[in-house]
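Report on the following structure.
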Amino acid sequence: MATNQGFINVVCDERVVFNEFLAFWIQNNKDVLVARSHGVTFKEITKPNFKLVPILLPPLPEQRAIARVLRNVQATREARQREASLLDELFRSLLEELMTGRVSAVGVGEP
């Protein structure tokens, strides 16, 4: 891992916090972290400021379960977004092909 100043590394104690749970927590609480950050060119949160942010941690098995559920939902959402993008592309292609007469719609979509 390579970082520079203005970026803190969070190393999780695996006996206390599941790293993927913390990543989802950070994603969900971005506004809280931004509110504690400083800087003109780019915002940064210092280690002391980050340590002041209260993070409610359920028991480790619950953290793992929460992360698993969110990971699965996120994967499903991303798959649906890819499908929607492909359908948009198909629609635009068909619109062009059908409206210019390059492809006939006769018999398409019929049983």
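The values are calculated or read from the model by the stated rules, or taken from the named source; none is laboratory data. Quick caveat: nothing in here was measured; it's all calculated off a predicted structure. Note: ideal-geometry Cβ built from the backbone for every residue, glycine included; neighbour counts use all protein chains shown.
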Cβ-Cβ under 6 Å, sequence separation 6+ or interchain: first residue in segment 38-64 and modelled with pLDDT of 90 or more, partner aromatic (Phe, Trp, Tyr). Which pairs? Gln63/Phe18; Gln63/Phe21; Arg64/Phe18
Of Asn49, Asn28, which residue is surrounded by fewer than 14 Cβ atoms within 10 Å (Cβ to Cβ) and out of contact with any helix residue (DSSP H, G or I) (no Cβ under 7 Å at 6 or more places or on another chain)? Asn28
Could you please find all residues in segment 53-78 being closer than 17 Å to Asn28 by Cα, surrounded by fewer than 11 Cβ atoms within 10 Å (Cβ to Cβ) and over 21 Å from the mean Cα position of the chain (by Cα)? Pro54
Which one of these does Ala79 not meet: (1) part of a helix (DSSP H, G or I); (2) aliphatic (A, V, I, L, M); (3) closer than 25 Å to Ile8 by Cα? (3)
Pair list, Cβ under 6 Å, 6 or more apart: segment 87-111 residue among the small types (Gly, Ala, Ser), other residue surrounded by fewer than 10 Cβ atoms within 10 Å (Cβ to Cβ): none
Here is a check on your reading of the model: is Lys43 loosely packed, with under 12 Cβ neighbours inside 10 Å, of a type in the set (Lys, Arg) and under 29 Å from Phe7 (Cα atoms)? no
